[in-house]
Amino acid sequence: MENQTLLTIEDLSVQFVSAGVQTTALSGLSLTAKKGEILAVVGASGAGKSLLAHAVLGLLPKNAEVTGRMTYKEQALNEKTLPRLRGTEITLIPQAVTYLDPLMPVGRQVYYPMNKQEGRAKTAALFEEYGLSPEVMKKYPFELSGGMTRRVLFSAAVLSGAKLLLADEPTPGLSRETARHVLRHLRAFAKEGRTVLLITHDLDLAVECADRVAVLYAGTLLEIAPATDFTEDGAALRHPYSQSLWNALPQNGFHPIAGNMPSPGERVKGCPFAPRCLKKTALCWEKPVPLRPLRGGTVRCIHAT
């Protein structure tokens, strides 16, 4: 794998202003994704995973205020550059199945930017690989199941030729076998030199295919770890939340975490996980905790060793 950094995010924060009230959804997020790498972003629902993808693509609503810096191949991502990069260099495999045009057959939507004859052939071959019959190409979105729609969206991203793929929950609604098949394709993309930002709540699948795993909690990045650190009892992990998330899986003992993740309006001054953390001390509440390098990864915890 080459060491070229394709995507850089520095101190990204996203706030929403509504009726004069400001709510922070992402706070001080920094990460890089390298050429030929799958970087998985995991966390509970509401942690800010999908919001990160939409921030990278500039698809946030008008009441969003974004600070920080994002670059693609050292080129700033902003209102001037993103319209040219979206769909060509950077593409999204969306979570919502409503992204398809309801008035156009799905096959045509997949190969729309391509030569018709070549596009039809490539789309048919890709559909067959994902277990979609040739007849599906002529169907409209309302005629498809959720799982079929996800495979169509995935096919469109594949044929785009983009170098950076933002895969936002690409496996819900798919059988375990089909989900693993999709993730094998993501791995194949990485081997071709593409970069994949895999956004998922499925930690088990993320560890199976990713190179590194970024753990989000309440809009805050708590840890980035090599996927190989998610093993046995999670002792190789650095943050207590990462360890708890790993040990909550059925195959790892199914140990649930007491309490709930704070909502965006319930931000704590220090570590957002402190109210639920068994290792918390008074220091955890005093001030924001910075990310720091540790044992081949990064962590936001004063107690991590």
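The numbers here are math on the coordinates, done by the rules we state, and not lab data. Given the structure is predicted, the values throughout are model-derived calculations rather than measurements. Cβ placement follows ideal geometry from the backbone for every residue including glycine, while neighbour counts extend to all protein chains displayed.
Here are the numbers for the structure shown:
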read-out: Chymotrypsin sites (Phe, Trp or Tyr not before Pro) within segment 234-290, DSSP loop, no more than 13 other Cβ atoms inside 10 Å; value: Phe254
read-out: 37 °C / 0.692 mPa s Stokes-Einstein diffusion coefficient of the chain, Kirkwood radius on C-alpha pairs, µm²/s; value: 162
read-out: Cβ-based exposure ranking for Val97, Val41, Val152, in which fewest neighbours within 10 Å come first; value: Val97, Val152, Val41
read-out: Rg(Cα)/(2.2 N^0.38 Å) for segment 158-305, N = residue count; value: 1.13
read-out: Filtered GluC sites (Glu not before Pro), segment 1-98: DSSP coil and at most 12 other beta carbons within 10 Å; value: Glu2, Glu74, Glu79
read-out: Convex hull per residue volume in Å³, alpha carbons only, for segment 176-255; value: 98
read-out: Alpha-carbon centroid distance for the pair segment 212-264 / segment 124-197, whole angstrom; value: 27
read-out: Loop GluC sites (Glu not before Pro), segment 193-285 (other Cβ atoms within 10 Å of the site Cβ: 15 or fewer; DSSP); value: Glu232
read-out: Residue range of the chain that is longest and free of trypsin sites (Lys or Arg not before Pro) which are both DSSP loop and sparsely packed (at most 11 other C-beta within 10 Å); value: 81-268
read-out: For segment 42-138, convex hull of alpha carbons as volume per residue, Å³; value: 168
read-out: Share, in percent, of DSSP beta bridges within the chain that are antiparallel, nearest 5; value: 60
read-out: CD proxy at 222 nm, helix term only [per DSSP H run n ≥ 4: -39500 (n - 2.57); per residue of the chain; nearest 500]; value: -8000 deg cm²/dmol
